[in-house]
1. Could you run through the stretch 18-32 and say how many residues are more than 16 Å from the ligand (Cβ to nearest atom) and more than 18 Å from the chain's Cα centre (by Cα)?
2. Looking at the stretch 106-139, which of the residues that are open to solvent by 40 Å² or more (accessible area, probe 1.4 Å) and closer than 22 Å to residue 34 by Cα is nearest to the chain's Cα centre (by Cα)?
3. Select from the stretch 79-116 the residues that are at pLDDT 95 or above, acidic (Asp, Glu) and farther than 19 Å from residue 12 by Cβ and list them in ascending order.
4. In the stretch 33-47, what count of residues is obtained for those that are open to solvent by less than 40 Å² (accessible area, probe 1.4 Å) and either within 8 Å of the ligand (Cβ to nearest atom) or of a type in the set (S, T, N, Q) (or both)?
5. Any idea which of 58, 71 is surrounded by 14 or more Cβ atoms within 10 Å (Cβ to Cβ), among the polar types (S, T, N, Q) and either more than 10 Å from the ligand (Cβ to nearest atom) or more than 27 Å from residue 112 (Cα to Cα) (or both)?
6. State whether one or more residues within the stretch 97-105 are surrounded by 12 or more Cβ atoms within 10 Å (Cβ to Cβ) and among the basic types (Lys, Arg).
7. Considering (1) away from the ligand (no atom under 16 Å from the Cβ); (2) without any contact (Cβ under 8 Å) to a residue 24 or more places away in the chain; (3) surrounded by 13 or more Cβ atoms within 10 Å (Cβ to Cβ), say which one residue 92 fails and leave the rest.
Amino acid sequence: MNRQVPIAEGLFTWPAEKPALLGSRCQRCGIASFPAAGACMACSGQEVIVEELPGRGTLWTWTIQRFMPKTPYRSNETPETFKPYGVGYVELPGGVRVEGRLTESDPEKLHIGMAMEVVFAPWCTDDNGDEVISFFFRPVV
Ligand SMILES: [Zn+2]
């Protein structure tokens, strides 16, 4: 039986009943960052705690990736099977902006400021046959 493994350790809670992105919040200035870091990017404070980030935010900026990224791009795609996809920054409550792949690739359906929610889904299959889980942002309908 195939397992589901997270694309990277520490990016989000997994496995979890309600998975969430993990960010670090500075105890000095209150700024959160993603992915979690050992020091605050705003004030260099060392007192940061890792916390679950809100699952919804708004689309801050986006683009459509129309060609296959150069290595190390981790996927099962080839230049022949590659399909364009949306990628963007979503601003979460508290001011942290998270870059992620979007579930929507139609430019007509994406606009800055729209509500987005994080979802966790298979990204690709690794060499062991395990499903690699990553996070995506999906328009809230
Ligand atoms: Zn800080």
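1. Residues flagged as more than 16 Å from the ligand (Cβ to nearest atom) and more than 18 Å from the chain's Cα centre (by Cα) within the stretch 18-32 amount to 0.
2. Among them, the one singled out is 120.
3. Matches in the stretch 79-116: 104, 106, 108.
4. Residues meeting the conditions: 3.
5. 58
6. Yes, because at least one residue in the stretch 97-105 is surrounded by 12 or more Cβ atoms within 10 Å (Cβ to Cβ) and among the basic types (Lys, Arg).
7. (2)
The values are calculated or read from the model by the stated rules, or taken from the named source; none is laboratory data. Just so it is clear, the model here is predicted, and its values are computed rather than measured. FYI the Cβ positions are ideal-geometry reconstructions off the backbone, even for glycines, and counts take in every protein chain you see. We work out accessible area using only protein heavy atoms, side chains counted, and drop any ligands, DNA or RNA first. Shrake-Rupley method; radii C 1.70, N 1.55, O 1.52, S 1.80 Å.
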